[in-house]
Ligand code: AMP
């Protein structure tokens, strides 16, 4: 596997692949890789000639300094996993390489309208601004034909897909299913920060999504279903619920009613101890 820490070296590699007519698949990550990330790499490998993965913990998208300081870093392990998966290249820059003259050099505001105003956008000010800037930079460097994003971060996927379309990137943005632990907990790099007790109750978040989905499917109103999900979480005092929303899967606007066939996303964010977890379930 090629490992690049510098933009220039990555650009030269990309030019070579593109010169040979190769199709490039791209998997951007923040490292501390798990089977969720691995599923994106496998999918990219199956659908492209070359797969490039990036590992960069982008400070610009963290609204909580504590979260940034404690974000897990396991680069040696990540490299090994990517090598075993047959990933072709890894781009792992440091802050100076990504933002050589500090953040001021890049545009400072990306505005995503309604898509960026709800849920994660409302609760993590500046988060999608940072995501939009770093993903634009990475798309320009990697020039991928296809880029793979997890449904785990559904709002991020929706925003990046819209951004790629609005800014005329030639990259197709692809949504990949959520990979879960056996007990239903969505895999996340932040899960390692849960204590043993917190880890036992964390799957409750997914159970709340399933409770809400089942209520909708039984014909309960959107608000009644939402309240059932909320109760599931608030019954467990270790959780501090941030939001549980039932939204249109494309626009992410809150739904007032739902019928089978209408794409809905049930999205949740909650704190458990010092860790903030998000999850979602899509009903088609
Ligand atoms: P991250 O390293 O957390 O920024 O995630 C990098 C990519 O992996 C994003 O597109 C995530 O949505 C995706 N991802 C994270 N966790 C999972 C999971 N459990 N299943 C599928 N994709 C995931």
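Take the conditions over 20 Å from residue 61 (Cα atoms), within 16 Å of the ligand (Cβ to nearest atom), more than 20 Å from the chain's Cα centre (by Cα) and at pLDDT 95 or above and apply them to residue 214. Does it pass? No; evaluated as a whole, the condition is false for this residue.
Checked against (1) surrounded by 14 or more Cβ atoms within 10 Å (Cβ to Cβ); (2) under 22 Å from the mean Cα position of the chain (by Cα); (3) at pLDDT 95 or above, residue 117 meets all criteria but (1).
Using the structure shown, decide if residue 198 is away from the ligand (no atom under 16 Å from the Cβ) and touching a residue at least 60 places away in the same chain (Cβ under 8 Å).
Answer is yes for this residue.
Checking 149, 169 one by one, the residue that is closer than 30 Å to residue 22 by Cα and in a loop (DSSP other than H, G, I, E, B) is 169 and no other.
Quick one: is residue 7 at pLDDT 95 or above, over 18 Å from the mean Cα position of the chain (by Cα) and closer than 20 Å to residue 130 by Cα? Judged against the criteria, residue 7 is a match. Listed conditions (1) under 23 Å from residue 156 (Cα atoms); (2) out of contact with any helix residue (DSSP H, G or I) (no Cβ under 6 Å at 6 or more places or on another chain) are all met by residue 201, apart from (1). For region 132-157, the tally of residues that are away from the ligand (no atom under 14 Å from the Cβ), surrounded by fewer than 20 Cβ atoms within 10 Å (Cβ to Cβ) and in contact (Cβ under 8 Å) with a residue 40 or more places away in the chain stands at 2. Scanning region 174-184 for residues that are more than 8 Å from the ligand (Cβ to nearest atom), out of contact with any helix residue (DSSP H, G or I) (no Cβ under 6 Å at 6 or more places or on another chain) and touching a residue at least 24 places away in the same chain (Cβ under 8 Å) gives a single hit, 174.
Please find, within region 16-28, the residue that is farthest from the chain's Cα centre (by Cα) out of those that are touching a residue at least 40 places away in the same chain (Cβ under 8 Å) and either near the ligand (Cβ under 9 Å from one of its atoms) or surrounded by fewer than 16 Cβ atoms within 10 Å (Cβ to Cβ) (or both).
Selected residue: 18.
Out of region 269-282, which residues are more than 18 Å from residue 189 (Cβ to Cβ) and touching a helix residue (DSSP H, G or I) at 6+ places or on another chain (Cβ under 6 Å)?
281
Restricting 71, 56, 13 to residues that are out of contact with any helix residue (DSSP H, G or I) (no Cβ under 9 Å at 6 or more places or on another chain) and surrounded by 14 or more Cβ atoms within 10 Å (Cβ to Cβ) narrows the list to 13.
The values are calculated or read from the model by the stated rules, or taken from the named source; none is laboratory data. Keep in mind that this is a model prediction, so the values were computed, not measured. Counting neighbours? That spans all protein chains shown, and the Cβs are built from the backbone with ideal geometry, glycine included.
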